[in-house]
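Novice: First the structure, which I've put down as structure tokens, then a few questions once you've had a look.
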Amino acid sequence: MENIHHPFFLNMKKLLPIFLVLLFLLTACAPKEKQVLTIFAAGSLMQPFQQLEEAFEAENPDVDVQMEFHGSIQVMRRVTDLHRELDLVATADQSLLPMLMYATNNPETGEPYANWYLSMATNTITIAYTEKSKYADEVSAHNWFEILSRDDVRVGISDPRFDAMGYRTFMAFALATDFYSDSSIFGNFVHGQFKYPIRLKTEGENISIIIPEIVETREDSHLVVRGSSIALNSLLESGEIDYAFEYVSVANQLGFETVKLPPEFGLNDPKLEEYYNRVTVELDFQRFASVEPIFTAEQIRYGLTIPTNAPQPELAIRFIEFLYGPKGQQIMKDNWQPLFIPAQVNQPENLPAELKEFFGL
């Protein structure tokens with residue numbers, strides 16, 4: 001048996017308390033694994049939400065906010081069709097939430113993917129361009145549809161199958177056609193541009209825009225289609241396109257020139273809701289697993305909800321409280337997209353108890 005009185009063992013006995021203290025300090029000081037908050041949002045929310053992420057993490061060092069930005073319909077499909085477990089979803093079209101998330105049940109629980117939402121903010125359709133764009137010194141609120149239909153003008157639009165700005169672009173053209181009583185306005189913009197035509201159908205005062213399953217431009221088309229409106233920004237900055245349909249908030253954030261459209265086309269006036277509602281966009285194919293969406297023109301309203309299968313609902317509630325707090329409101333205001341205050345809630349009876357208390361409901 002080894003001699004436990006050997007100097008080596010005696011020294012180890014003396015050093016043991018020091019080793020234990022060091023081990024405790026190392027364990028206590030080791031960085032703890034952060035909780036992950038996963039947010040998917042419409043691309044037009046990228047700049048303000050990235051600023052919110054930075055400010056929220058500064059006040060909540062235990063949280064790692066991970067965000068992705070897509071076209072609004074793609075955001076919804078991540079939940080309803082691909083069954084992604086997200087903590088918070090924000091869309092540029094609040095009507096997508098009841099249309100898709102209320103109406104689609106989670107196969108694991110049999111419950112809808114959502115049963116409430118916050119009507120978060122509004123926006124306005126605009127046409128963004130730069131000083132280098134063709135006819136930049138000529139374009140106005142009165143002739144934009146004529147200039148954007150010229151063969152030598154490159155125009156960027158987002159795909160109406162994936163992105164709210166995509167179908168709102170065609171709504172704006174249809175409303176202009178109606179407002180000016182000029183059926184050529186819509187036709188001049190789309191005629192001969194797509195391999196499979198986008199059609200306009202009228203029934204009395206109602207106008208339907210029919211989108212085919214494949215939205216693909218012809219080789220000689222002067223239109224450029226991308227999956228979301230934010231994908232057009234770099235093309236506009238580089239001069240690859242002359243004009244792009246965008247939201248006013250995004251155009252202002254990026255410093256683009258803009259065409260201020262009349263409210264009849266800008267989809268920003270609640271007093272014109274009945275006028276807007278005459279126009280719908282229909283997808284002429286089965287886009288979603290369980291519903292056939294028809295998009296109705298209305299005032300632009302963004303929507304925000306916590307899916308019923310969110311992995312971290314408490315963190316999502318904390319983020320919403322931050323968003324509607326002083327710092328969050330200021331960030332949204334600074335990005336030309338102020339929140340609706342007081343908060344507007346769809347189906348408030350289903351709102352989490354913490355948010356009911358926070359909003360005083």
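Novice: Assign unit charges at the C-beta atoms only (+1 for Lys and Arg, -1 for Asp and Glu), then state the dipole size of the chain relative to its Cα centre in Debye, rounded to the nearest 20. It would help to have the intermediate numbers written out before the result.
Specialist: Details: 27 positive and 50 negative charges, 159 e Å.
Approximately 760 debye in magnitude.
Novice: Taking K and R as +1 and D and E as -1, what net charge do the other residues with C-beta under 13 Å from the C-beta of L351 add up to?
Specialist: Net charge around L351: -3.
Novice: Toward the positive end of the charge dipole of region 113-207, about the Cα centre and with charges on Cβ (Lys, Arg +1; Asp, Glu -1), which of F179, F145, N123 goes farthest?
Specialist: Most positive-ward Cα: N123.
Novice: Quick one: which of 214-226, 97-109, 145-157 comes out on top by average Cβ neighbours within 10 Å, and what's the full order, highest first?
Specialist: Details: 214-226: 14.7, 97-109: 17.3, 145-157: 18.8.
Final packing ranking: 145-157, 97-109, 214-226.
Novice: Within 14 Å, Cβ to Cβ, of H142, how many net charges do the neighbouring residues add up to if Lys/Arg are +1 and Asp/Glu are -1?
Specialist: Charge balance near H142 sits at -3.
Novice: In addition: Can you tell me the relative contact order of the chain? Whole percent, Cα pairs under 8 Å, sequence separation 6 or more. Mind dumping the intermediate values first?
Specialist: On the way: 656 pairs, mean separation 90.4, N = 361.
Once divided by the residue count of the chain, the mean separation gives 25 percent.
Novice: What GluC sites (Glu not before Pro) in region 33-106 are in a loop by DSSP, with at most 14 other Cβ atoms within 10 Å of the Cβ?
Specialist: For GluC sites (Glu not before Pro) across region 33-106 that sit outside H, G, I, E and B with at most 14 neighbouring Cβ atoms in 10 Å, the list reads E33, E85.
Novice: Among all helices in the chain defined by DSSP H, which have a length of 24 Å or more along the axis from Cα atoms plus a Kyte-Doolittle mean of at least -1.0?
Specialist: 7-29
Novice: Restricting to DSSP H runs of at least four residues, report the calculated mean residue ellipticity at 222 nm for the chain, -39500 (n - 2.57) per run over all residues, nearest 500 deg cm²/dmol.
Specialist: My calculation for the chain gives -9500 deg cm²/dmol from helical runs alone.
Novice: Another one. With +1 on each Lys and Arg Cβ and -1 on each Asp and Glu Cβ, and nothing else charged, work out how big the dipole of region 83-235 is about its Cα centre, in Debye to the nearest 20.
Specialist: Dipole of region 83-235, to the nearest 20 debye: 180 debye.
Novice: With an 8 Å cut-off on Cα pairs and a minimum separation of 6 or more residues, tell me the relative contact order of region 50-138 in percent. Intermediate results must be reported in sequence, preceding the final value.
Specialist: Details: 56 pairs, mean separation 15.0, N = 89.
This gives 17 percent for region 50-138.
Novice: Right, here's the next one. Among (i) 0.94; (ii) 1.09; (iii) 1.26, only one was calculated for this model; which label is it, if the read-out is Cα Rg over 2.2 N^0.38 Å?
Specialist: This structure yields the entry labelled (iii).
Novice: State whether region 212-302 is rounded, prolate or oblate according to the following rule on the C-alpha gyration tensor (a ≥ b ≥ c being the square roots of its eigenvalues): a/c under 1.5 gives rounded; otherwise a/b larger than b/c gives prolate, and the remaining case gives oblate.
Specialist: Oblate, since a/c reaches 1.5 and b/c is not below a/b.
Novice: Just going by the charge dipole of the chain, with Lys and Arg at +1 and Asp and Glu at -1 on Cβ, which of F256, N350, P311 is farthest out on the positive end?
Specialist: Comparing the listed Cα positions along the dipole, P311 ranks first.
Novice: In the chain, what is the count of Lys pairs whose alpha carbons are under 28 Å apart, counting only pairs at least 8 residues apart or on separate chains?
Specialist: Lysine pairs meeting both conditions in the chain amount to 13.
Novice: Moving to a separate point now. What's the ranking of 350-359, 201-210, 160-169 by average number of surrounding C-beta atoms within 10 Å, highest first?
Specialist: 160-169, 350-359, 201-210
Novice: Multiplying the sequence separation of F358 and D152 by 0.36 nm and subtracting their Cα-Cα distance, what value in nm do you get?
Specialist: Gain on stretching F358 to D152: 68.8 nm.
FYI, it's all coordinate maths here, none of it is from the lab. Keep in mind that what you see is a predicted model, and the values were worked out from it rather than measured. Don't worry about glycine lacking a Cβ; one is built from the backbone with ideal geometry, like all the others, and counts go over all protein chains shown.
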